[in-house]
Amino acid sequence: MTPMDELARRLPELALRTSASDLEHYGRDWTRRWTPSPLAIALPSSTQEVQGIVRWANEHRVALVPSGGRTGLSGGAVAANGELVVSLEKMNRALGFDPVDRILTVQAGMALEAVHAAAQAQGLIYPVDFAARGSCSIGGNIATNAGGIRVVRYGNTREWIAGLTVVTGTGEVLELNRGLVKNSSGYDLRQLLIGAEGTLGIVVEAQLRLTDPPPASQVMLLALPSFEALMQVFAQLRARLTISAFEFFTDRALHHVAAHGAQRPFAEDYPYYVVTEFDGDSPDAALEAFGTLLEAELVVDGVIAQSQAQAAALWHLREGITEALARHLPYKNDVSVRIGAMPRFLAETQVLLGREYPHFEVVWFGHIGDGNLHINVLKPEAMENADFVHECGRVTALLAQSLQNHGGSISAEHGIGLVKKPYLSSTRSAGEVALMRGIRRAF
Ligand code: MLT
Ligand code: ZN
């Protein structure tokens, strides 16, 4: 009896898939660097089935790859070496809402957008948000401590997880923190699981904290004359308005989004753009802030959305970048530094990348209001992908060095996955990496 026959015998209700198209579909994420080659795909419907899979995998020494919406950009959900993919997509239901605690309990395979809808049905919000909302799953968000576009106001996924149910590597089920607000009884294992990318266990259920919706918000697009103006505009707007998002992108990013069908916002081209959203401030306060920035020559043009449709169109200019760049097989950097360190880091990185990537197109965008920069290097059409990745890897090592000098991180929100594994030790100390290994062994 093969190990797969044994798995099917032990868990007769478990959905298993092995068709070539399924192996390809479930074996990859949004990175396109690896050829998917999983052993099979398991789609459990219950915590007990996940437990059974983990125990079987231990006995047969089969590696598992937990799998959510596979929108990841770091190769964290790639199965290219005969692993069993454990897709949580059948475990996608809301399990209940407690109005006193304001906690929504969900299964890990629920899409972020469905979580938003379930929160809205209670008159509340789950505030973590980003462009992949329609296809990413809450389990994947938890695995990477996903950030996104509202971190400047609401923080990362970590802040909104009140409890987790996980299956550890030995097949034990743990209920971590159980929705408590205060809990000083030892290590917070829940927080260890958040951002662990499935290395410590498989998240099967989560208790999500919900909050009040913000007052009516407004969306503004600004055109900036220089990179240097960016952080000054952020500081000035944050001092005057209740900023819930502050996202930037360059003219190259706009070029690609427009080439992908978006409408250009201004008659003229400008080098840098910011989409910002603020809550509850009057249009007059926004206009006044805009006037001050204009006078100081920190912005050169701008528009405030007059309708929901216009707000969505402005947001699309920023949120459409990933999709617009995808066909260029971008090498993605997802780095962060403290907001205070951003101006010097930006200046240095511009020089570094200008010097090291003279023949490559580099597209900058990101969540600049929380210190997270996405630097996407586009593959020249004529270049082999392996050569391109090798060259980008060389420059990433230099970037990692610079991040270390500035106290930054090699991954702000996408996770380490396979893509950044070689660079983890550049921004985490040897002591930290050794402890992470020990914790993984313990789980
Ligand atoms: C984004 O900010 O749009 C996402 O992190 C995706 C990306 O970096 O491409
Ligand atoms: Zn991002």
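The values are calculated or read from the model by the stated rules, or taken from the named source; none is laboratory data. As the structure is a prediction and not an experimental result, all values here were calculated from the model. Please note: Cβ atoms are built from the backbone with ideal geometry, for glycine as well, and neighbour counts cover all protein chains shown. What goes into the accessible areas is simple: the full protein's heavy atoms, side chains included, and nothing from ligands, DNA or RNA. Shrake-Rupley method; radii C 1.70, N 1.55, O 1.52, S 1.80 Å.
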**OP:** Would you mind getting me the FRET efficiency between VAL351 and THR292? Use the beta-carbon distance for r and R0 = 25 Å, nearest 0.05.
**Re:** 0.25
**OP:** Using only Cα atoms, tell me the angle between helix 283-295 and the longest principal axis of the chain; keep it within 0 to 90° and round to the nearest 10.
**Re:** 60
Original post:
Loop-only check: which trypsin sites (Lys or Arg not before Pro) in the range 1-102 are DSSP coil with at most 10 other Cβ within 10 angstrom?
Top reply: ARG61
Original post:
Taking Cα atoms, how many degrees apart are the long axis of helix 47-60 and the longest axis of the chain, rounded to 10 and kept between 0 and 90?
Top reply: 70
**OP:** Please report, as a whole percent, how much of the solvent-accessible surface of the chain comes from carbon and sulfur atoms (probe radius 1.4 Å).
**Re:** 50
**OP:** Kindly identify the range 116-165 as rounded, prolate or oblate by the Cα gyration tensor criterion: order the square roots of the eigenvalues as a ≥ b ≥ c, call it rounded if a/c is under 1.5, otherwise compare a/b with b/c, prolate if a/b is larger, else oblate.
**Re:** rounded
**OP:** Using 0.36 nm per residue of separation minus the Cα-Cα distance, give me the extension gain between ARG344 and ASP101 in nm, one decimal.
**Re:** 83.2 nm
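Among the trypsin sites (Lys or Arg not before Pro) within the range 128-225, which fall in a DSSP loop and have no more than 15 other Cβ atoms within 10 Å of their own Cβ? Let's see the in-between values first.
Working: sites: ARG133, ARG150, ARG153, ARG158, ARG178, LYS182, ARG190, ARG209; in loops: ARG150, ARG178, LYS182.
Those that pass, being in a loop and sparsely packed, are ARG178, LYS182.
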Original post:
At what distance in nm do the modelled label points of GLU59 and ARG10 sit from each other, each positioned 7 Å from its Cα along Cα→Cβ?
Top reply: 0.4
**OP:** Just need the relative contact order of the range 292-443 here, percent rounded to a whole number, with Cα pairs under 8 Å and 6+ apart.
**Re:** 24
Subject >> Inter-probe distance in nm under a simple model that places probes 7 Å from Cα toward Cβ, at ARG178 and SER45 >> reply: 2.9
Original post:
If each of HIS255 and ALA285 carries a label point 7 Å out from its Cα toward its Cβ, how far apart are those two points in nm?
Top reply: 3.9
Original post:
If you look for lysine pairs in the chain that are eight or more places apart or on different chains, how many of them have Cα atoms under 27 Å apart?
Top reply: 5
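Please report, in debye to the nearest 20, how large the charge dipole of the range 297-339 is about its Cα centre when each Lys and Arg carries +1 at its beta carbon and each Asp and Glu carries -1 there.
Numbers: 4 positive and 5 negative charges, 39 e Å.
With only Lys, Arg, Asp and Glu charged at Cβ, the dipole is about 180 debye.
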